[in-house]
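The structure appears right after this line, and notes come after that.
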Amino acid sequence: MFGTINSFQSLGAVDGPGIRVTVFMQGCHLRCVYCHNPDTWDITGAKVSVIDLFNKIMRYKPYFFEHGGVTVSGGEPLLQPEFIEELFKLLKAENVHTAIDTSGICDLEKAERVLKYCDLVMCDIKFVTEEDYKTYARGSLKRVEEFLELTSKKNVPLWVRHVVVPNLTDSEASVKRVVEISKKYKNLQKIELLPFRNICQSKYDNLGIDFPLKNTKECDNETIESLYKFVPEEFR
Ligand code: SF4
């Protein structure tokens with residue numbers, strides 16, 4: 001089986017617990033205004049066989065130690081659910097920790113098959129109203145909530161992520177609502193507030209696409225710290 005990937009990052013420490021390999025999959029149907037990876041939107045890209053990718057990942061296994069492992073991100077990894085299911089199945093047979101970083105907007109039946117082999121779901125709650133989801137991401141909060149419900153039903157540990165964008169998602173009310181929604185799910189372990197950065201401008205320039213937030217300032221650490229006050233300690 002083949003999948004389309006954008007890039008492979010060995011030994012990072014930001015996409016889940018411990019030291020991890022992160023695989024960025026190609027393809028995404030959303031268009032988040034703050035997207036850092038517009039180069040992943042197109043589903044076409046480098047094809048790789050699941051066995052080759054698995055073998056490449058396994059070279060790094062000695063560095064995963066107790067908590068590390070593999071994260072598939074994107075793009076939207078659940079646009080290639082059969083490939084991820086197959087990859088995770090192979091990794092679980094080798095006792096490697098598997099995580100998925102997703103928007104949560106996906107085919108639920110196929111996602112359920114991936115969740116069977118998944119140790120951690122990292123899912124964004126990007127906006128807190130249906131209208132904002134539609135306007136700023138071409139997405140749907142309702143569909144994200146349906147996915148979160150599925151992760152809860154399957155009892156897969158969940159981290160919710162929220163990108164904090166000045167004047168868009170940085171209000172106290174916004175963060176409080178993210179917490180309120182997230183707490184509905186019994187599998188919730190963590191809520192991460194991620195500061196908006198605009199380091200991706202060159203990617204947009206190379207693609208000849210306008211970056212909608214080119215004039216938005218980056219989110220500073222003080223803002224993140226002050227917003228974390230609204231996240232219960234047990235989920236920080
Ligand atoms: S879901 Fe992720 S990859 Fe897709 S547009 Fe949004 S930020 Fe970009």
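Where a number appears in this text, it was derived from the coordinates with a stated rule and is not lab data. Everything numeric here is computed off the predicted structure, so don't read it as measured data. Cβ coordinates were reconstructed from backbone atoms using ideal geometry, including for glycine residues, and neighbour counts include every protein chain displayed.
Over segment 1-104, what per residue volume does the convex hull of the Cα atoms give, in whole Å³?
Spelled out: Cα convex hull of segment 1-104, divided by residues, is 90 Å³.
Give me the number: length gained by fully extending Glu66 to Ala93, i.e. 0.36 nm times residue separation minus the C-alpha to C-alpha distance, one decimal in nm. Each step should come with its number before you reach the end.
Numbers: separation 27, 0.36 × 27 = 9.72 nm, distance 1.60 nm.
Computed gain between Glu66 and Ala93 is 8.1 nm.
What is the helix-to-structure angle for 172-182, meaning the angle in degrees between its Cα long axis and the longest Cα principal axis of the chain, kept from 0 to 90 and rounded to the nearest 10?
Computed tilt is about 40 degrees.
Arrange the peptides 105-116, 21-32 so that the one whose residues have, on average, the most other Cβ atoms within 10 Å appears first.
Details: 105-116: 18.4, 21-32: 21.2.
In decreasing order of mean packing, 105-116, 21-32 become 21-32, 105-116.
In the chain, with Lys and Arg counted as +1 and Asp and Glu as -1 at Cβ, which of these residues, Ile84, Val165, Phe8, has the Cα nearest the positive end of the dipole, that is, farthest along it?
Towards the positive end, the residue furthest out is Ile84.
I want to check the label-to-label distance for Phe235 and Ala173. Put each point 7 Å from Cα in the C-beta direction and report it in nm to one decimal.
Using points 7 Å along Cα→Cβ, the separation is 1.9 nm.
Based on the alpha-carbon set only, what is the convex hull volume of the chain divided per residue, in Å³?
On the way: hull volume 28.0 nm³, N = 236.
In the chain, the Cα hull volume divided by residue count equals 119 Å³.
Quick check: residue separation of Glu180 and Asp52 times 0.36 nm, minus the Cα distance between them. What number comes out in nm? Write out the running numbers ahead of the final one.
Working: separation 128, 0.36 × 128 = 46.08 nm, distance 4.18 nm.
Roughly 41.9 nm would be gained on extension.
Which value, in debye to the nearest 20, gives the size of the charge dipole of segment 82-236 about its Cα centre, when Lys and Arg are +1 and Asp and Glu are -1 at the Cβ? All intermediate terms of the calculation are to be shown ahead of the outcome.
Values: 25 positive and 28 negative charges, 56 e Å.
Dipole size: approximately 260 debye.
Working from Cα positions, state the angle (0 to 90°, nearest 10) between the long axis of helix 141-153 and the longest principal axis of the chain.
Computed tilt is about 50 degrees.
Going by how many other beta carbons lie within 10 Å of each one, how would you line up His162, His36, fewest first?
Working: His162 25, His36 15.
By the 10 Å Cβ count, ascending, the order reads His36, His162.
Given a cut-off of under 8 Å on Cα pairs at least six residues apart, what relative contact order in percent is computed for the chain? Numbers along the way, then the final one.
Details: 453 pairs, mean separation 39.6, N = 236.
Normalised by residue count, the contact order of the chain is 17 percent.
Under the 0.36 nm per residue contour assumption, what length would be gained going from the current alpha-carbon distance of Asp220 and Asn206 to full extension? All intermediate terms of the calculation are to be shown ahead of the outcome.
Values: separation 14, 0.36 × 14 = 5.04 nm, distance 2.66 nm.
Between Asp220 and Asn206, full extension yields 2.4 nm more.
Compute the long axis of helix 81-93 from its Cα atoms, compare it with the longest principal axis of the Cα atoms of the chain, and write down the angle in degrees, 0 to 90, nearest 10.
60
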